[in-house]
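Trainee: Please see the structure below; I have some questions.
Bear in mind that the values in this text are calculations on the coordinates, not laboratory data. Since this is a predicted model, take the numbers as computed values, not measurements. Neighbour counts are summed over all protein chains in view; Cβ atoms, including those assigned to glycine, are modelled from backbone coordinates with ideal geometry.
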Amino acid sequence: MSPLLSLLIAFTYNPPGQLESGTEGRVDQHIYVPSMRYPIENAPSFPNSQVYRPGGMHGPGGGQCSATNYQYPWSDNFCEPRRWEMPLCPGGTGHQGQDIRPADCQDKVHWAVAAESGTITSIGSYSVYLVAEDGTRHRYLHLDPTSIAVRRGQEVTRGARIGLVSNAYFDADGNPVPTTIHLHYDIHQYVAQLQQAVYVPPYLSLVRSYQELLGQPGVSCEDLPLEGGVVDDTSPCFQRWGPVQYWRAVQGQGVGTGFMWTNAFISDEPSNWARWNLQLAGAGRFRVEVNLVEGYNRSRRVPYRLRHGGQETDVILDQSTASGWRALGTFDFQAGDDQWISVYDNTGEEGGDLHITVDAIRLTPAAPTQPSADAGVTPSVDAGNQSPADAGQPPSADAGASSQPDAGPAVPAVDAGEAPVVPDKDEPIGCGCAGSGPLEFFTLLTLIGLRRRRR
Ligand SMILES: [Zn+2]
């Protein structure tokens, strides 16, 4: 058995929101950066509390190098008691990210690496800020200052070395503050419901990227069985692209825990788009449906593209005519992956508030075609409202290492600007993305010459 495989088999993690402090964490199944790379170069690695474990202020006896600190399972410590203002934490304050121990207790040996491609926007005495194209900001704290391998303004690619994990920590006067050898890692991202960028839970993004690091990309996107099933927008088989501020999430409606929506606009290329990856247990002919939510299905010509059985088929759906399960058609699929259903926002429609529901897709077995019949493409566009949501099978299919097609035009990054050199500080964010209404936003885009009708 390969060393990585044994690590993968051993890997376990406590659920999100279960804190070692015993206080209430954030129970959140959403993966905020599904495509990220694990921020430490090599496995194993052990995210857990630096405070409530051996070597920590409120820990039991023993030093930080105690073996129990370097064992699975992982533990979430987002929202662990701290004074930082944290809109997503149950008590409104808490720890802003996840503390991560590297493979062992050695100082200045283990590399922290870029979670996404992006720009280094700030380097402080013990901090590095990396902002991805969609405005998501990744922050690295406590790296050894002499090891920093990037400079401010530098473009880095996913996985690039940033600095060595250490225990660098200074107060506002520049005096050293003791801490353990660990990487504090956090994610700052625009959250539509809050109309601002905030610290979001990194835990499940770390779980997923760690599984990939261990050699199983999309490990939890499973085979869709021959009897078909549902793939929801919370499934690891689901991926979305485009500026995060144009993705809205609604809880409590749609299939599963909620759904997402975005708005239609006019462009040759999509900006916000999503994909349900499919990996089928066997070949078969399936009716394909998408679930639409009343009030969020206003676009009249939503482009879908299906890749099935080695070919691609485009389907235009008028979402506005009915909600619930709506058919895209019946298609032949082969066994295995490299099959998907994608939805795009560049409908070409004029007007505002042209919402596009992005929720779940459903495959239902259909009668096989006659041998000589069509190749399986029956884009019976809009077969009308289908039978109500029998939730069907749990999600499925393997995303694999799917390539990332163009994510549309770049949008000005939500940049933190200068990072004050203050311990673990929640500095004010110069977020240019919130507050302006659609009209102002449209005007701004017009001024800067982008032909985007939004939102
Ligand atoms: Zn921390």
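Trainee: Quickly rank 301-308, 157-164, 34-41, 170-177 as a protection proxy: mean count of other C-beta atoms within 10 Å, highest first.
Mentor: So the order, starting with the most tightly packed, is 34-41, 301-308, 157-164, 170-177.
Trainee: A further question follows. Sort 130-139, 267-276, 187-196, 354-363 for me by packing, meaning the mean count of neighbouring Cβ atoms within 10 Å per residue, highest on top. Spell out each step's value before the answer.
Mentor: Working: 130-139: 23.1, 267-276: 21.1, 187-196: 18.3, 354-363: 26.5.
Highest to lowest by the protection proxy: 354-363, 130-139, 267-276, 187-196.
Trainee: Per the Kirkwood definition applied to all pairs of different Cα atoms, how many angstroms is the hydrodynamic radius of the stretch 41-132? Write out the running numbers ahead of the final one.
Mentor: Values: mean 1/r = 0.0671 Å⁻¹.
Over the stretch 41-132, the inverse of the mean reciprocal pair distance is 14.9 Å.
Trainee: Would you kindly state how much longer the chain becomes between Arg152 and Asp107 on full extension, computed as 0.36 nm times their sequence separation minus their alpha carbon distance, in nm to one decimal?
Mentor: Details: separation 45, 0.36 × 45 = 16.20 nm, distance 2.42 nm.
Result: 13.8 nm gained on full extension.
Trainee: As a footprinting exposure proxy, order Cys89, Cys65, Cys237, Cys105 by other Cβ within 10 Å, with the fewest listed first. Each step should come with its number before you reach the end.
Mentor: Numbers: Cys89 24, Cys65 15, Cys237 28, Cys105 18.
Fewest to most other Cβ atoms nearby, the residues stand as Cys65, Cys105, Cys89, Cys237.
Trainee: If each of Thr321 and Thr23 carries a label point 7 Å out from its Cα toward its Cβ, how far apart are those two points in nm?
Mentor: Taking the two extended label points, one gets 5.4 nm.
Trainee: Under the classification rounded if a/c is under 1.5, otherwise prolate if a/b is larger than b/c and oblate if not, where does the stretch 3-213 fall, given a ≥ b ≥ c as square roots of the Cα gyration tensor eigenvalues?
Mentor: Details: a/c = 1.16, a/b = 1.07, b/c = 1.09.
In terms of gyration-tensor shape, rounded.
Trainee: Dipole size in debye (nearest 20) for the stretch 229-365 around its Cα centre, Lys and Arg Cβ +1, Asp and Glu Cβ -1? Mind dumping the intermediate values first?
Mentor: Numbers: 12 positive and 17 negative charges, 59 e Å.
Taking the Cα centre of the stretch 229-365 as origin, the dipole is about 280 debye.
Trainee: Now for a different question. How long is the gain from Asn42 to Asp173 if the chain were fully straight, where each residue apart is worth 0.36 nm and the alpha carbon distance is subtracted? Mind showing how you got there, number by number?
Mentor: Values: separation 131, 0.36 × 131 = 47.16 nm, distance 3.40 nm.
Stretched out fully, the Asn42 to Asp173 stretch lengthens by 43.8 nm.
Trainee: Moving to a separate point now. With an 8 Å Cα cut-off and a minimum separation of 6 or more residues, compute the relative contact order for the stretch 3-213 in percent.
Mentor: Working: 531 pairs, mean separation 48.5, N = 211.
Relative contact order, the stretch 3-213: 23 percent.
Trainee: Hey, another quick one. Which of Leu317, Leu214 comes first, and how do the rest follow, when ranked by fewest Cβ neighbours within 10 Å? Before the final figure, lay out the partial values.
Mentor: Numbers: Leu317 25, Leu214 22.
Fewest-to-most ranking of Leu317, Leu214: Leu214, Leu317.
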